[in-house]
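**Q** Got a structure for you, written out below as structure tokens; questions coming shortly.
The values are calculated or read from the model by the stated rules, or taken from the named source; none is laboratory data. If you're wondering where the values come from, they're calculated on a predicted model, not measured in any experiment. Neighbour counts are summed over all protein chains in view; Cβ atoms, including those assigned to glycine, are modelled from backbone coordinates with ideal geometry. Quick note on the areas: whole protein, heavy atoms, side chains included, nothing else; ligands and nucleic acids left out. Shrake-Rupley method; radii C 1.70, N 1.55, O 1.52, S 1.80 Å.
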Amino acid sequence: MERLNAWNTYDLEMQKACNELAADYMSFMDRSKTERECIDFFVNEAEKNGYTELSRAIAEKKRLRPGDGVYSVWMNKSMALFRIGEQPLEEGMNILGAHIDSPRLDIKQNPLFEEGGFAMLDTHYYGGIKKYQYVTLPLAIHGVVVKKNGETVILNIGEDEDDPVFFISDLLVHLSQEQLKKPAAEVIEGEALDLIVGNKPLIIDANTKAGREGKEPSGKNAVRDAVMAILKQNYDMDEADFESAELEVVPAGRAREAGFDRSMVLCYAQDDRVCAYPSFRALMETGLTARTACTLLVDKEEIGSVGATGMRSRFFENALAEVMELCGQYSELGLRRALASSCMLSADVCSAFDPGYPSCFEAKNTAYLGRGLVITKFTGSKGKLGCNDANAEYTAHLRGLFEEAGVLTQTAEIGRVDAGGGGTIAYILALYGMNVIDSGVPVLSMHSPWEATSKADIYEALRGYKTFLEKAGLRG
Ligand code: MN
Ligand code: MN
């Protein structure tokens with residue numbers, strides 16, 4: 001069956017709302033290139049919307065009542081938000097879950113070296129990337145350096161117009177005869193992703209023969225020393241402080257509208273912030289509902305949902321237990337019932353049809369930019385391996401809801417059978433026995449430095465997520 005192009009269905013008012021949402025989304029993206037930056041943004045907005053931080057609510061012995069908003073942040077990189085509903089929690093919640101980590105290059109713990117007159121930082125890539133896409137791009141460094149005394153220095157270099165940027169070199173084409181014969185996976189190897197961060201030696205005072213910091217300049221590593229001197233001066237950072245730093249190298253630059261018609265958004269890290277943002281917005285725009293509404297914004301999906309801040313961590317379950325306690329509803333059995341009776345949309349992106357590579361997609365079961373929110377019954381690879389294959393009853397329940405609300409949806413698989421595959425956090429929440437399905441925005445050039453999406457699909461995602469939070473309610 002054919003799906004409508006969303007733009008054909010919009011009147012002027014909807015086009016305006018769609019464009020306004022895209023503008024808000026792009027401004028969020030410009031400020032949120034790391035998990036921590038996302039959490040900062042969401043915490044500020046949640047507070048503005050009257051949400052209370054969970055540990056504060058616990059300390060104040062606050063009694064949570066229907067309509068109250070509460071949120072919990074875990075290690076500055078994951079977050080669960082709840083809007084308490086009218087029904088007891090053990091009757092189930094409606095949960096939106098998106099991830100806020102994205103593929104990138106992480107700076108190693110002992111990264112700084114000098115070679116050929118350049119100061120360089122060694123990196124280790126995070127998540128699935130085509131390494132050759134990261135050379136000769138303007139790159140920015142975002143992250144934190146935590147010192148031994150616990151003080152945190154926040155870095156964000158490369159985004160302002162007058163900030164310097166960083167880059168990784170690539171061999172000039174004139175000398176690339178051998179390189180160009182290599183398979184794409186080997187053209188640029190992981191250890192070759194060294195970030196160039198300086199080319200000027202520590203300046204020596206002609207009279208004292210000492211360096212700018214009064215130190216003897218070491219001739220051999222003078223460029224490297226100069227970079228370290230700048231880091232010391234600007235951030236009071238010693239070389240050993242890299243050990244306890246989380247510095248992410250990401251494409252520099254702002255989100256842009258794309259196309260003559262400005263119908264698309266081109267920017268870094270849309271997988272999965274293009275679902276995280278509408279998941280958050282949907283909750284903020286949801287008032288009192290029958291079931292408790294919840295949005296999860298989690299870390300580490302791109303490396304298997306591991307670690308204390310990944311979806312496989314118990315932080316969400318623990319936060320829910322605390323919330324139930326504050327509602328006067330906690331019991332071990334009540335907690336289990338609440339989880340098992342919930343409905344979830346795993347709000348993650350789906351691969352969009354790419355006209356440059358039609359053979360990798362099966363046209364009938366592929367997501368297209370501009371045709372609405374994607375419902376992905378299953379992901380996985382090699383015969384649905386490792387996926388959450390959603391229940392037909394649940395899929396039917398959602399079809400009915402979205403149709404009634406006039407939300408435009410399309411169904412899709414990640415790609416042609418046996419072309420490859422992928423996963424999301426869906427299977428982890430399904431472990432509790434709740435109904436879960438993947439549902440998100442289609443993305444073109446996924447996991448590349450500049451991913452593309454359709455403004456219309458972001459708008460349909462927000463409309464769909466709001467409908468879901470307000471109206472879903474099928475128990476397993
Ligand atoms: Mn994703
Ligand atoms: Mn991904």
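**Q** Simple spin-label model, 7 Å along Cα-to-Cβ: LYS108 to GLU161 in nm?
**A** Each label point lies 7 Å from its Cα, and together they span 3.8 nm.
**Q** Ignoring ligands, DNA and RNA, how do ASP194, ASP271, ASP24 rank by accessible area with a 1.4 Å probe, largest first?
**A** Ranked list, largest accessible area first: ASP24, ASP194, ASP271.
**Q** For HIS99, HIS174, write out the residues from largest to smallest accessible area, computed with a 1.4 angstrom probe and no ligands counted.
**A** HIS174, HIS99
**Q** Oh, and also: Considering the alpha-carbon set of the range 334-476 alone, what are its Rg and its Dmax in angstrom?
**A** 14.9, 51
**Q** Residue by residue through the range 132-144, what is 3J(HN,Hα) from phi via Karplus (6.51 cos²θ - 1.76 cosθ + 1.60, θ = phi - 60°)? Round to whole Hz and write x for glycine and proline.
**A** Karplus values, whole Hz, x for Gly and Pro: 5, 6, 9, 8, 6, 10, x, 10, 10, 10, 10, x, 10.
**Q** Treat every Asp and Glu Cβ in the range 308-450 as -1 and every Lys and Arg Cβ as +1, leave all other atoms uncharged, and give the resulting dipole magnitude about the Cα centre to the nearest 20 debye.
**A** The dipole of the range 308-450 has a size of about 240 debye.
**Q** Also, quick follow-up: Name the residue farthest towards the positive end of the dipole of the range 334-476 from the options ILE458, ASN391, ILE414, assuming +1 on Cβ of Lys and Arg, -1 on Cβ of Asp and Glu, about the Cα centre.
**A** ASN391
**Q** Give me the accessible area per residue for the chain, probe 1.4 Å, as a whole number in Å².
**A** 46
**Q** Under a no-solvent Debye model with one identical scatterer per Cα of the chain, what's log10 I(q)/I(0) at q = 0.09 Å⁻¹?
**A** -0.64
**Q** Go ahead and run the numbers for FRET between ARG312 and ASN391, Cβ-Cβ distance against an R0 of 22 Å, rounding to 0.05.
**A** Between ARG312 and ASN391 the formula returns 0.50.
**Q** Label the range 375-423 by shape, choosing from rounded, prolate and oblate, from the square roots a ≥ b ≥ c of the eigenvalues of the Cα gyration tensor; if a/c is under 1.5 it is rounded, and otherwise prolate applies when a/b is larger than b/c, oblate when it is not.
**A** Prolate.
**Q** Ranked highest first by average number of other Cβ atoms within 10 Å, how do 83-95, 141-153 line up? List each step's numbers first, then the result.
**A** Numbers: 83-95: 22.2, 141-153: 14.8.
The peptides rank, most packed first, as 83-95, 141-153.
**Q** Where does each of 25-33, 161-169, 370-378 land if you order them by average Cβ count within 10 Å, highest first?
**A** Working: 25-33: 19.0, 161-169: 13.3, 370-378: 24.6.
Answer by packing, highest mean first, reads 370-378, 25-33, 161-169.
**Q** By per-residue mean of other Cβ atoms within 10 Å, what is the highest-first order of 228-235, 300-307?
**A** 300-307, 228-235
**Q** Moving on to the next point. Taking 0.36 nm per residue of sequence separation and subtracting the Cα-Cα distance, how much length would be gained by fully extending the chain between GLN329 and GLU178, in nm to one decimal?
**A** Between GLN329 and GLU178, full extension yields an extra 47.6 nm.
**Q** Express as a percent, rounded to the nearest 5, the fraction of DSSP beta bridges in the chain (both residues included) that run antiparallel.
**A** Antiparallel: roughly 70 percent of the beta bridges in the chain.
**Q** Give me the net charge for the shell around THR123: Cβ to Cβ below 13 angstrom, other residues only, Lys and Arg +1, Asp and Glu -1.
**A** Summing Lys and Arg as +1 and Asp and Glu as -1 gives -4.
**Q** Can you run phi through the Karplus equation (6.51, -1.76, 1.60; θ = phi - 60°) for the range 373-384 and list ³J(HN,Hα) in whole Hz, with x for Gly and Pro?
**A** 5, 8, 9, 10, 4, 8, 10, x, 8, 6, x, 6
**Q** For every helix of n ≥ 4 consecutive DSSP H residues, a contribution of -39,500 (n - 2.57) applies; sum these over the chain, divide by its total residues, and give [θ] at 222 nm rounded to the nearest 500 deg cm²/dmol.
**A** Rounded to the nearest 500, the figure is -8500 deg cm²/dmol.
**Q** Further question: In terms of modelled amide H atoms, which long-range or inter-chain residues lie less than 5 Å from the amide H of PHE361?
**A** Distant-sequence amide H within range of PHE361: ARG416.
**Q** Would you please give the residues with an amide H less than 5 Å from that of GLY372, counting only those at least 5 places away or on a separate chain, with H modeled from the backbone geometry?
**A** Here ALA6, ASP457 satisfy the definition.
**Q** A follow-up question, please. Rounded to a whole number, what is D in µm²/s for the range 64-115 from Stokes-Einstein with the Kirkwood radius over alpha-carbon pairs (20 °C, 1.002 mPa s)?
**A** D, rounded to a whole number, is 143 µm²/s.
**Q** Separate question: Could you give the DSSP H helices of the chain that reach 15 angstrom or more along their long axis (alpha carbon positions) and whose average Kyte-Doolittle hydropathy is no lower than 0.0?
**A** Working: long enough: 12-31 (29 Å, -0.38); 35-48 (20 Å, -0.77); 222-235 (19 Å, 0.27); 270-284 (21 Å, -0.29); 315-326 (17 Å, 0.74); 392-405 (20 Å, -0.34); 455-471 (24 Å, -0.70).
Helices meeting the span and hydropathy rule in the chain are 222-235, 315-326.
**Q** If you don't mind, another one. Amide H to amide H under 5 Å from THR123: which residues, 5+ apart in sequence or cross-chain, H placed 1.01 Å off N in plane?
**A** Excluding prolines and chain starts, which carry no amide H, the hits are LYS108, LEU195.
**Q** Treating the range 120-178 as a set of equal point scatterers at the Cα positions, no solvent, please give the Debye-formula log₁₀ I(q)/I(0) at q = 0.23, 0.26 Å⁻¹.
**A** Once normalised to I(0) and log-transformed, intensities are -1.11, -1.19.
**Q** Continuing with this model, one more query. With the crude spin-label approximation of a point 7 Å out along Cα→Cβ, what separation in nm comes out for ASN199 versus GLU403?
**A** According to this spin-label approximation, the distance is 6.2 nm.
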